[in-house]
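Single-structure report; data block below.
Every read-out reported here was derived from the displayed coordinates using simple, explicitly stated rules and does not represent laboratory data. The structure presented is a predicted model; accordingly, all values stated were derived computationally and were not measured. Positions of Cβ are backbone-derived with ideal geometry, glycine not excepted, and every protein chain shown enters the neighbour counts.
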Amino acid sequence: MNWQTWSEFIHMGGYALYVWGSFGVTALLIAGEIVLLGAHRRKALTLARRTVQYGKAERL
Amino acid sequence: MLEGKDLTCVRGERTLFSHLDFVLREGELLLVQGANGSGKTSLLRMACGLLAPEFGEISWRGEKIGAARETYHAEMIYFGHAPAVKEDLSAFENLDLACRLAGAPAGRDDVKGALGHLGLGHCLDLPAKSLSQGQRRRVALARLLLTRARLWILDEPLTALDQAALQLVQSLLGEHLSKGGMVMLTTHQPVAIPGVEPKTVQLC
Amino acid sequence: MLEGKDLTCVRGERTLFSHLDFVLREGELLLVQGANGSGKTSLLRMACGLLAPEFGEISWRGEKIGAARETYHAEMIYFGHAPAVKEDLSAFENLDLACRLAGAPAGRDDVKGALGHLGLGHCLDLPAKSLSQGQRRRVALARLLLTRARLWILDEPLTALDQAALQLVQSLLGEHLSKGGMVMLTTHQPVAIPGVEPKTVQLC
Amino acid sequence: MNAISALLRRELTLAMRRRGDVLTVLFFFVIVASLFPLGVGPEPKLLRLMGGGVVWVAALLAAMLSLGRLFAADYADGTLEQLILTPTPPVAWITGKILAHWLVSGVPLILMAPVLGIQFGLSGAELAVLMSSLLLGTPVLSLIGAIGAALTLGLRGGGVLVSLLVLPLYIPVLIFGAGAVDGAISGLGSEAHLSLLGGILILAFMLTPWAVAAALRISIE
Amino acid sequence: MNAISALLRRELTLAMRRRGDVLTVLFFFVIVASLFPLGVGPEPKLLRLMGGGVVWVAALLAAMLSLGRLFAADYADGTLEQLILTPTPPVAWITGKILAHWLVSGVPLILMAPVLGIQFGLSGAELAVLMSSLLLGTPVLSLIGAIGAALTLGLRGGGVLVSLLVLPLYIPVLIFGAGAVDGAISGLGSEAHLSLLGGILILAFMLTPWAVAAALRISIE
Amino acid sequence: MMSGFNLYKYSSPATFYALAGRLIPWFYGAAALLGAAGLYVSFFLAPTDFQQSEAYRIIFIHVPAAWMSMFIYIVMAGWAALGLAFNTRLSFMMASALAPTGAMLTFVSLWTGALWGKPTWGAWWVWDARLTSELILFFLYLGFMALQAAIDDPRRADRAGALIALVGVVNVPIIYFSVKWWNTLHQGASVSLTKAPSMAAVMLAGMLVMALAVWMYAIAAALSRVRCIILERERNSQWVAQMLEAEE
Ligand code: HEM
Ligand SMILES: Nc1ncnc2c1ncn2[C@@H]1O[C@H](COP(=O)(O)OP(=O)(O)OP(=O)(O)O)[C@@H](O)[C@H]1O
Ligand SMILES: Nc1ncnc2c1ncn2[C@@H]1O[C@H](COP(=O)(O)OP(=O)(O)OP(=O)(O)O)[C@@H](O)[C@H]1O
Ligand SMILES: [Mg+2]
Ligand SMILES: [Mg+2]
């Protein structure tokens, strides 16, 4: 085990900014992409629903 | 009263017309006629103040339109060849913004009502790029329902419209004229407004 | 013989037509009809090979037009919405170059004759930008007088033409058909070619 | 006033709907700035000396290319005539449009500049000077560029033509902007350059809208 | 063959009738290259080191701006469809068009380059290397650029978009072109760079017309 | 009336839509598990480097991201080529779906590299060959996405994007070697990571596990995105209507 305490872990031997900057931003980007994908899916679904309703209305 | 005196129009190297006079009084319809390229659009743009005449002058209620710019523009609406509809905005946004920019914002419901009146009720929120050519022109025409302008200058407002929309526009014109409004119009199609005898300007 | 089988056309996200068949034989005129936006231009461009059908195939003398590209293009002439006239070249240069590029150079006198036939004799050497809309379309149409193509695909060749030019084009078409040529045509105007009963394809 | 705020809102909405166009200009800026090290070589000392100049030249070129968006679309679809025919004084809405253009195409450049500066090895204080010089300078680019954009409306070859009209006028901005960064690098200080840039900004802000209004009248006839 | 020579003649005639456009690109080249001494400062040693790179970057940007002329006019007036419908194989006339484009927009840059090189203090032999590198490199710019021009036909924001597509692909040309000049300046020799440029030219000449043909088919649908 | 091939072509996005829907959770799950394992290796198993101290741990995200950014570009170009060759819409959609994830990973590798460079080289960025080519790769992704965004007609967008992806992939080796050559002619900053031999195995394992995690994540993200694209494109078709009705 490399780390005795949490603060040591957080401190990363003085390189906290760089290490957590890397891992943190990566995590943020991945989370962001997942959120955007969810939004994209909701948008696509509403678009499709609206189109289907239009189609029905036109056929009537 | 809109009055043009001794107007000459030169485009490129050609003189399109010269010594042209016209007067448009309250409740009158002025029809500008002529073949393609005879200068109808040019005359209408002069009347708006977009194009300066080579000679002659145009006045609104006795003042030159260059000098009375702000009051004139507040009382005038122009409808040109291009519909001034932004492809990326929805029909609602387009009309709403057009009213705001003209300095006469309209309520949400009025805007919706105007679009509904022109048969666009079901596509208020579609971006204009997915509207057909005719539908775009209707969005532009809806401004006529909301405007309080006295003078309407309309350049071929009837193109790309189907029969129903055509009737609607004609009845709009009739109503406006009967309330003492003024209309300056060009069109290649026949117009018939009950109870109105149009004055004409013939270009050739 | 030009043959289209089971054609489907998708533009953007809309299917304009599907399962469309047509056959065009020697001496026949095929009239493609339909409202604005119904897909006439799209069908003609498919027939040229400019637009790939979503399904189905088009063949010329039994071979798919994609495979027989060179022979097909050598026997076909297309006239689209845009007149393909360069504004900076004169009428003469435009027509001369069009023939050369199509691989069938014509003599100086033939080119002049064709332009003269279309009433452009007096403006051979004016740059096309000083020609009117109708005159530009005549320059483009003059190619029909010089071409040896069997198949003519014409997209609204009659717009912006006056009565005389209209007659001329119709007689050109009649002559071409009587010599066993083929014509595929769209137009919003009525066409009457003596002795020819057009086939029609109706799009909607 | 109401009309102007409506116009601003409209411009920003349109920019949001056309995000691609905005981003493209931004990445053009980044790419052009990155071309230089590739042309000149990776020597860090040399690059540091060039850094300010290169970022500024890239900003100039990006601003110039983004001018196409300023009036062209409105001209093509007829909105420009309608704007001219509103009762609002032209100078007011023209200023609004230029402001919107700067917000959409100038501000992203300012925000991206430090990233490019780092690539050229500029330090923190130098980056701050680079950003302030851009903050004062890019509005001038939008203001002056608007004149060129208005004059070339509807002309063929507009893109290249506008560069020919506008780039020479951009040169003072370039000199003072890049000079500010150089001053910071060489330790000579950059206040003088920055205050000159501020002066140009005020001058341009007061004069150019009138010139643009005149240019638009000419182009729209 | 006849059709191709007719096409070439046509392109050159059109360029002569539109001399303004050709000159505009040339002046853009000159202005961009001259912006750098203004942005970076007048240090002669620094300028000499940058010279090759800057001239090459300016050439890249000028070539990119001139791409608008390659197919856009023919697309707008319908000539492009007619060209596609000729019996001539597309690759043949596309090569012809690109060649004409290079003659009109690449060759003037080559001829102008020594003047700019002198501004940066390059010597005679170095200028010769600069010109040969441009001679080998600018055709590649036209060839690769044609792909971008063909793909962006008729798209809004085409000008900036084409730069985003094309500039990254130009980078090898920039590196070897500017590298040749640097080699001459530093005395390391420039044969290797020039022969690599030649190799790229041959490769591009053989491959890009096919890609352009495909791109045109896609855009014209 | 419809030939078997046509039927296949029409139904293929529909079946793929459902299939992708079933696969996505598994790929996300695998990504999460592998990611957790990889992070455990990175932070707890891998010992401290005696030269770089803890900063070197960035390698566990940097290298996998760099690998995947290049790999995804190649896969994207492969789908594009398939689409152009066989005219299958699904291939084009896969290519478009991969691009944003690829661009994101390229950015991650640039970002983490910069954050690593500051403590090790003392500079956020140097114009080293590998760095420069990664930057250019980023531009290539952006160009692809910008082109597709600028085209409204999906059919044209697909094909145009596919062509530029292919042109890019032909150019990538040329760009790579030119950049490499450009840099070595001058003296560049040399990247060398000093590592004890015993460390190498752990590090390699960690990087591999993380790379696998990123790989799984990229597949999951691309599949989710392709589902959205299919839905947008096929919203006029029968099966979408049926599917939406079945849901209600
Ligand atoms: C912005 C800066 C950086 C970028 C864009 C970058 C990019 C890359 C790329 C593209 C790779 C994969 C190359 C391949 O596998 O062939 C890579 C691998 C690697 N990078 Fe970086 N890098 C950067 C900074 C750094 C720094 C500062 C270090 C360490 C001091 C570093 C260490 C490594 C190592 C050890 C590898 C794996 C080497 C191998 O597998 O061959 N990188 N980097
Ligand atoms: N900006 C311009 N510069 C030079 N000439 C122009 C310009 N605008 C129009 N013209 C020319 O002026 C003439 C008249 O144009 P105008 O648009 O006024 O005609 P019009 O009567 O409205 O025709 P239409 O019925 O086709 O609308 C035309 O010959 C046209 O070529
Ligand atoms: N490149 C394109 N991308 C997307 N949609 C297109 C494209 N070209 C045409 N369309 C659409 O396809 C439809 C048919 O167009 P087409 O030009 O074939 O009509 P048309 O029958 O020739 O009409 P017109 O009589 O007006 O010439 C129109 O709704 C049009 O908006
Ligand atoms: Mg008119
Ligand atoms: Mg049509």
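Between A:Leu17 and F:Ala36, what FRET efficiency follows from the Cβ-Cβ distance if R0 is 22 Å, with the result rounded to 0.05?
My answer for the efficiency is 0.35.
Measuring nothing but label to label, 7 Å from Cα along Cα→Cβ, what are D:Ser5's distances to the other copies in nm, shortest first?
Computed spacing set for this position: 7.1 nm.
Check every DSSP H run in chain D and write down those whose alpha carbon atoms cover 18 angstrom or more along the long axis and whose mean Kyte-Doolittle hydropathy is 1.0 or greater.
D:19-40, D:44-66, D:107-119, D:124-151, D:158-186, D:191-220
Label-point separation (nm) for C:Ala52 and A:Glu8, each offset 7 Å from Cα along Cα-to-Cβ?
So the two model labels end up 6.4 nm from each other.
Please compute one quarter of the surface area of the Cα convex hull for segment E:2-220 and express it in square nanometres.
Approximately 11.9 nm², given one-decimal rounding.
Suppose each label sits 7 Å from its Cα in the direction of the beta carbon; what would the D:Val107-D:Ile171 distance come out to in nanometres?
3.3
How many angstrom separate the Cα center of segment C:67-140 from the Cα center of segment E:118-172?
35
Could you compute the FRET efficiency for C:Lys5 and C:Cys204, with r as their C-beta to C-beta distance and R0 at 22 Å, rounded to 0.05?
The computed FRET efficiency comes out at 0.65.
Between F:Leu23 and F:Phe177, 0.36 nm times their residue separation minus their Cα-Cα distance comes to what?
In short, 51.6 nm is gained.
Can you pull the Rg over Rh of chain C, Cα-only, Kirkwood? Numbers along the way, then the final one.
Values: Rg = 17.0 Å, Rh = 17.6 Å.
With Rh from the inverse mean 1/r over Cα pairs, Rg/Rh is 0.96.
If you filter segment F:32-110 for chymotrypsin sites (Phe, Trp or Tyr not before Pro), then keep DSSP loop positions with at most 16 other Cβ within 10 Å, what is left? All intermediate terms of the calculation are to be shown ahead of the outcome.
Values: sites: F:Tyr40, F:Phe43, F:Phe44, F:Phe50, F:Tyr56, F:Phe60, F:Trp67, F:Phe71, F:Tyr73, F:Trp79, F:Phe86, F:Phe92, F:Phe107; in loops: F:Phe50.
Here the chymotrypsin sites (Phe, Trp or Tyr not before Pro) that fit, given the DSSP loop and packing criteria, are F:Phe50.
For an R0 of 60 angstrom, estimate the FRET efficiency from the Cβ-Cβ distance between C:Leu126 and F:Leu204 and round to the nearest 0.05.
So, using R0 = 60 Å, E works out to roughly 0.20.
Translational diffusion coefficient, Stokes-Einstein: compute it for segment C:130-204 using the Kirkwood radius over C-alpha pairs as Rh, at 4 °C and 1.567 mPa s, and state it as an integer in µm² s⁻¹.
This corresponds to a translational diffusion coefficient of 98 µm²/s.
For a protection proxy built on the mean count of beta-carbon atoms within 10 angstrom, sort D:45-56, D:16-27, E:92-103, B:48-59 highest first, please.
D:45-56, E:92-103, D:16-27, B:48-59
Sort shortest first the distances from B:Pro198 to its counterpart in every other copy, using label points 7 Å along the Cα-to-beta-carbon line, and give them in nm.
3.1
Over its Cα atoms, what ratio of radius of gyration to 2.2 N^0.38 Å does segment B:11-57 give?
Segment B:11-57 yields a ratio of 1.19.
Pull up the DSSP beta bridges for the protein assembly as shown and report the antiparallel fraction as a percent, rounded to 5.
50
Let me spell out the model: positive unit charges on the Cβ of Lys and Arg, negative unit charges on the Cβ of Asp and Glu, origin at the Cα centre of the protein assembly as shown. What dipole size does that give, in debye rounded to 20? Intermediate values should be presented prior to the final figure.
Working: 88 positive and 81 negative charges, 151 e Å.
Roughly 720 debye for the protein assembly as shown.
So for chain C, averaging the separation of alpha carbon pairs under 8 Å that are six or more residues apart and normalising by length, what relative contact order in percent results?
Relative contact order here is 31 percent.
Across peptide F:111-118, how many C-beta atoms of other chains are within 10 Å of each residue C-beta, on average?
Mean partner shielding for this stretch: 5.
If you line up the long axis of helix A:16-59 against the longest principal axis of chain A, both from Cα atoms, how many degrees apart are they, to the nearest 10?
The answer is roughly 10 degrees.
For chain F, go through all pairs of different Cα atoms, get the mean of 1/r, take its inverse, and jot down that Kirkwood value in Å.
20.1
About its Cα centre, how strong a charge dipole does chain F have in debye, to the nearest 20, once Lys and Arg get +1 and Asp and Glu get -1 at the Cβ?
340
Just the ratio, please: alpha-carbon radius of gyration of the protein assembly as shown over 2.2 N^0.38 Å, N its number of residues.
1.00
Arranged from highest to lowest average of other beta-carbon atoms within 10 Å per residue, in what order do the peptides F:112-118, E:147-153, E:71-77, C:171-177 appear? Working shown, then result.
Values: F:112-118: 22.1, E:147-153: 27.9, E:71-77: 19.3, C:171-177: 17.3.
Ranking the peptides F:112-118, E:147-153, E:71-77, C:171-177 by packing returns E:147-153, F:112-118, E:71-77, C:171-177.
Considering only A:Ala16, D:Leu196, A:Leu28, whose Cα is most displaced toward the positive end of the charge dipole of the protein assembly as shown, charges sitting on Cβ of Lys, Arg (+1) and Asp, Glu (-1)?
Of the options given, the answer is A:Leu28.
Taking the Cα atoms only, what angle lies between the long axis of helix C:108-117 and the longest principal axis of chain C, rounded to 10 degrees?
Once rounded, the angle reads 80 degrees.
Mean residue ellipticity at 222 nm from the helices of chain B, using -39,500 (n - 2.57) per DSSP H segment of n ≥ 4 over the full residue count, to the nearest 500 deg cm²/dmol?
Values: 7 runs with 65 residues, N = 204.
Value at 222 nm, helices only: -9000 deg cm²/dmol.
Give the average, rounded to an integer, of partner chain Cβ atoms located within 10 angstrom of each Cβ in B:95-104.
What the average comes to for B:95-104 is 6.
Taking a label point 7 Å out from Cα toward Cβ, give me the nm distances from C:Thr71 to the same spot in the other copies, shortest first, one decimal.
7.9
Would you tell me which residue of chain E has the beta carbon closest to the rotation axis bringing chain E onto chain D, and how many whole Å away it is?
E:Gly159, 3
To the nearest 10 degrees, how steeply does helix C:163-178 sit against the main Cα axis of chain C, on a 0 to 90 scale?
Value to nearest ten degrees: 60.
Determine the shielding of peptide F:218-225 by partner chains: average, over its residues, the number of Cβ atoms on other chains within 10 angstrom of each Cβ.
3
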